[in-house]
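Each remark here refers to the structure printed beneath this line.
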Amino acid sequence: MRVVVDFTRCQGYGQCAFMAPDVFVMRGEEALLYDTDPSEEQRERVLRAAAACPVQALHIDRMSTQHRTVKAELSPPVMGGDEVFRRNGRIVIVGGSLAGGRAAALLRRDGFTGSLTLIGDEPYEPYDRPPLSKQVLIGRVPAERTMLPHLSDIDVEWLSGIPATGLDLAAKKVRLADGRQIGFDKVLIATGVRARPWPKEAEAALDGVFVLRTLDDATRLRHRLAAGAGRVLIVGAGFTGSEVASVCRDLDLPVTVVESGPAPLSGALGRVIGAIAGEMQCAHGVDLRCGVKVTALEGDSDGRLRGARLSDGRTVDADVAVVALGAVRNVEWLEGSGLAAGAWGVATDAGCRAFDLNGLVTDDVFVAGDVARFPHPVYHYQFMALEHWGNAVAQAEIAAHNMLSDQAHRWPHLSLPVFWSNQFGTNIKSVGVPTFSDEVVIAQGSVPDRRFVAVYGFQGRITAAVTFDQGMWLEFYQRLIEQAAPFPPDFPAVGQPDPMVPVTSGVPTRIVPAMEATVVVTGHDPAERRVSLVHGPR
Ligand SMILES: Cc1cc2nc3c(=O)[nH]c(=O)nc-3n(C[C@H](O)[C@H](O)[C@H](O)COP(=O)(O)OP(=O)(O)OC[C@H]3O[C@@H](n4cnc5c(N)ncnc54)[C@H](O)[C@@H]3O)c2cc1C
Ligand code: SF4
């Protein structure tokens, strides 16, 4: 049986851990770990746990096809659209993971009976990535038991282990690496991202250097950590790096974290909340070095990692290094397709329809998940690329609906981003966009206890909230963000500090995805003005 917990809903109440303690375990106050593939003998207890969950966050065998943040979906879908296409059309989905698998299930749920092909370059059925840096690394669940519930009963032609290498929009075909061409009427791009490798190839190839994105990455790293390590070096203290550091400490392995920013998680949550995450790391025995870069990884004559050089002139001895420097979008296969695809992802409108290079919206090409870059009305229509589980699910639902709908019945993707992370026994959750802020205030709880709600504001309105072991407040703040409620919060709340003092949030200044210009505009009158992509600095 397959279980997935929708952590965008889970509030860490722990009833599931009470009902089925072999399957669900609380780590600390609110951080839940679970077995993604419990045995059939445990089915009865798991079903009881699902029934007891007050927010219906447990999905067993199949994932729910309703997303709570998109209210329109709670009523039966009204689509209009082309009945002939819905009965006999051809849809191809490229990218067979969370967003792709989810969209396939929804297309069938919404009555698409035509041909549906799912192309994935990994040899596995869609699996869930969040457990890879949590229960898999710690050894609670083997990586191969993270399969998402359930593709096998969806009527889909599943082409696995084969990458798409091109998209021909004129001929309406996806090219595959083995030379095949798959025709479509509509295509969904859901190719996600991959781990950004260590930039120096020879150093990246040293035995002991790892990245963490795929099931195979997690298996390899788990084996190495289980075998023991003199010291683990983590390069980059974003969410993945911090979660790996947390697991290393749980395994009692010495760990050094090197982060070029001022604090862990500061790229996503800003300097103030990042500093609290940093204190948490130090309290758990992490040797944390911030404001420093790794300049070289060094190996011995047998090609085994021995340590690293840092930009402050110091060195670190380590036999394992985990490179956690963020992600690269999987867009190379779209080169020459005419779509607005580049280092920034694939640009779309708010209905998941891809833009072409000229910024014109296409009608038959849709994009969902980590690879998408879309405008969010709540954030001044700023284009966002989110690497969040909840966003991949929500966009898959919008894209699937819009593929089957006419213009009048299409839905916009308006869900607020929600993210969670479990580290050092603490459940960190975020709603909204913390980087879209100038100030932050602790609105509830206590920082020394590491149980608090931090609320972010931009020019006098609430734009995000981050909780440490206070997940139950997230929905409340989500509503405030949607209502553009004033910042700082002007209502009494449980555990409100007195006084509440907003401080500068210390989020990074805008990150520009590509430093050099990547398009040029040519032509003079409107009928002939076009853009084309430019590679490398001009
Ligand atoms: C270790 C880890 C921990 C995480 N933890 C959290 C968490 O705690 N909370 C949270 O909100 N999110 C978390 N995430 C992020 C979350 O898993 C992603 O947002 C989600 O997987 C995105 O799904 P996707 O389908 O868009 O992309 P992916 O999951 O990246 O899937 C894309 C698929 O397309 C395939 N593909 C790529 N190119 C091609 C091609 N040319 N042809 C065919 N197939 C192709 C890829 O191999 C992959 O299988 C975590 C991610 C990782 C790696
Ligand atoms: S909210 Fe549901 S899934 Fe989350 S810990 Fe509670 S019972 Fe378990």
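Can you list the strands (runs of 3 or more DSSP E) found entirely within the range 226-335 that contain at least 3 residues being over 23 Å from the mean Cα position of the chain (by Cα)?
Here the list reads 287-290, 294-299, 305-310, 315-317.
So D178 passes all but one of these: (1) modelled with pLDDT of 95 or more; (2) outside the structural domain of R109 (by TED's automatic domain parsing). Which condition number does it fail?
Only one criterion is unmet by D178, namely (2).
Could you please find all residues in the range 418-469 being more than 16 Å from ligand 1 (Cβ to nearest atom), under 18 Å from G28 (Cα atoms) and in a loop (DSSP other than H, G, I, E, B)?
Once the filter is applied, which keeps residues that are more than 16 Å from ligand 1 (Cβ to nearest atom), under 18 Å from G28 (Cα atoms) and in a loop (DSSP other than H, G, I, E, B), the range 418-469 yields V447, P448, D449, R450.
Do we have any residue at all in the range 24-40 that's among the charged types (D, E, K, R), surrounded by fewer than 18 Cβ atoms within 10 Å (Cβ to Cβ), free of Cβ contacts under 8 Å to residues at least 24 places away in the same chain and more than 22 Å from D153 (Cα to Cα)?
No - not one qualifying residue is present in the range 24-40.
Is it the case that the range 273-293 has a residue that's outside the structural domain of K429 (by TED's automatic domain parsing) and under 20 Å from K200 (Cα atoms)?
Yes, the conditions are met somewhere in the range 273-293.
Is there any pair with a first residue in the range 231-243 that is touching a residue at least 12 places away in the same chain (Cβ under 8 Å) and within 13 Å of G267 (Cα to Cα) and a second that is within 16 Å of ligand 2 (Cβ to nearest atom) and aliphatic (A, V, I, L, M) whose Cβ atoms are under 7 Å apart and which are 6 or more apart or on different chains, and what are they?
Every condition considered, no pair remains.
Taking the stated definitions as given, is Q444 at pLDDT below 95 and either buried (at least 20 other Cβ atoms within 10 Å of the Cβ) or out of contact with any His (no Cβ under 7 Å at 6 or more places or on another chain) (or both)?
For Q444, the condition - at pLDDT below 95 and either buried (at least 20 other Cβ atoms within 10 Å of the Cβ) or out of contact with any His (no Cβ under 7 Å at 6 or more places or on another chain) (or both) - is not met.
On the given criteria, is V92 surrounded by 23 or more Cβ atoms within 10 Å (Cβ to Cβ), of a type outside the set (S, T, N, Q) and in contact with a strand residue (DSSP E or B) (Cβ under 6 Å, 6 or more places away or on another chain)?
yes
Working carefully through the options G80, G12, find the one that is at pLDDT below 90, within 16 Å of ligand 1 (Cβ to nearest atom), on the phi > 0 side of the Ramachandran plot and part of a loop (DSSP other than H, G, I, E, B).
Every option except G12 fails the conditions.
Provide a single number: the residues in the range 373-392 that are of a type in the set (A, V, I, L, M) and under 19 Å from P130 (Cβ atoms).
3
Among E516, E439, E475, which is among the charged types (D, E, K, R), under 27 Å from the mean Cα position of the chain (by Cα) and either in the same structural domain as Q281 (by TED's automatic domain parsing) or modelled with pLDDT of 95 or more (or both)?
None of the others qualify; the one that does is E439.
If you go through the range 371-378 one residue at a time, do you hit one that is at positive phi and either modelled with pLDDT of 95 or more or not assigned by TED's automatic domain parsing to the domain that holds V433 (or both)?
Looking through the range 371-378, none of the residues is at positive phi and either modelled with pLDDT of 95 or more or not assigned by TED's automatic domain parsing to the domain that holds V433 (or both).
Among G495, G425, which is the only one that is at positive phi and surrounded by fewer than 16 Cβ atoms within 10 Å (Cβ to Cβ)?
Just a single option satisfies the conditions, and that option is G495.
Residues to consider are L360, L339, L404; find the one that is in the same structural domain as G101 (by TED's automatic domain parsing), away from ligand 1 (no atom under 16 Å from the Cβ) and within 21 Å of D168 (Cβ to Cβ).
Being in the same structural domain as G101 (by TED's automatic domain parsing), away from ligand 1 (no atom under 16 Å from the Cβ) and within 21 Å of D168 (Cβ to Cβ) holds for just one of L360, L339, L404, which is L360.
Testing G495 on (1) more than 18 Å from I276 (Cβ to Cβ); (2) part of a loop (DSSP other than H, G, I, E, B), one condition comes back false. Which one is that?
G495 satisfies every listed condition except (1).
The values are calculated or read from the model by the stated rules, or taken from the named source; none is laboratory data. A quick note: this is a predicted structure, and the numbers were derived from the prediction, not measured. Cβ atoms come from the backbone with ideal geometry, glycine included; neighbour counts cover every protein chain shown.
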